[in-house]
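Each reported figure results from applying straightforward, stated rules to the coordinates on display, with no laboratory input. Fair warning: this is a prediction, and the values are worked out from it, not measured in the lab. Note that each Cβ is placed from the backbone with ideal geometry, even for glycine, and that neighbours are counted across all protein chains shown.
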Amino acid sequence: MRCRAFSNVTRQPEVASPLLQSKKSIPKGVAFGVGVAAAGLMMRERRFRISAERLGAAILETLLATIDANDAVTGAHVRRVADYSLILADAAELDERIRHSVERVALFHDIGKIHEAINDIFHEKSGLTPAERRAVMTHPRRGADVLEPLRPFYPDLAEGVLSHHERWDGTGYPRHLKGRRIPITARVVAITDTFDAVTHSRRYSRARSIAEATNVILEGRGTQFDPELVDLFLSPPVQEIIASRMTVKEKPAPRRRRRSNKLVGDNVPDLKFRWRNEVGVQRRQGRPNRKRQR
């Protein structure tokens, strides 16, 4: 027998939530149109991003060609430094984004030397005077100023170039950064730049042996250079790869690209530098299996 108290209750009709009502009220055609519009915006954003990336890469290639045209010796130097820097970055197992940043900083670390007064100094065969040394010490800042407009494309580039003459103990220039406050890109390039400067002749210094260069790097461990990176750089696997790269005959700078009538977005983006030659694949052989704390 049913309870009278419940038998007199009138059943109320169910009311859909406002969210369900709003979904039911959207016509299918409108929803489809919104989806198409969103997809169109995503495609436009992707095309814009690809165009921007291509523009940034083209600007860097133009700057690299400018370095070659201004001074072929410096152009060859920055390519060797970039090669050695990537070997060291691989040994340190830096992630791909940082390796690309290391490559760019290495290639453009001396772009501040493209200056009339500084360029004349580097073409002198005599030693540097104190005034000339002070002028040369301005090239990191000059280089960073040149590259600053590219910050939207490459946020770490100007900072790395500005810092490549900082020292681990804080006595470097121009900002006296110390230890890990120095960007990792600059810490890598500081070692490889010094190594190449010692092993190749300059207008004011003769080339020395690999053994002498490694001694210079070792003497700077913990004072001029990041000690962990020095240990990696002087490890037998890394030194073996670098020695093999030094025996490869250098090739001239790559020719300029052919002009194309196609729109930028019509091609797959070519975002890699073409400064490395075919034997660059040797760099990844014998890569030390060691991670470092950053």
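Relative to the present Cα-Cα distance, how much length would full extension add between T223 and A52 at 0.36 nm per residue of separation? Please list the in-between numbers first.
Working: separation 171, 0.36 × 171 = 61.56 nm, distance 4.01 nm.
Contour length minus the Cα-Cα distance gives 57.5 nm.
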- request: For A211 and F153, compute 0.36 nm times the residue count separating them, minus their Cα-Cα distance, and round to one decimal in nm.
  value: 17.0 nm
- request: Just subtract the alpha-carbon distance of L234 and T62 from 0.36 nm times their residue separation and send over the number in nm, one decimal.
  value: 58.5 nm
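Which net charge results for the neighbourhood of K113, defined as the other residues with beta-carbon distances under 9 angstrom from its beta-carbon, given Lys and Arg at +1 and Asp and Glu at -1?
On the way: positive: R142; negative: D71, D110.
After counting each charged neighbour, the total is -1.
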- line: Protection proxy (average C-beta count within 10 Å per residue), highest first, orders 80-91, 50-61, 134-145 as 80-91, 134-145, 50-61
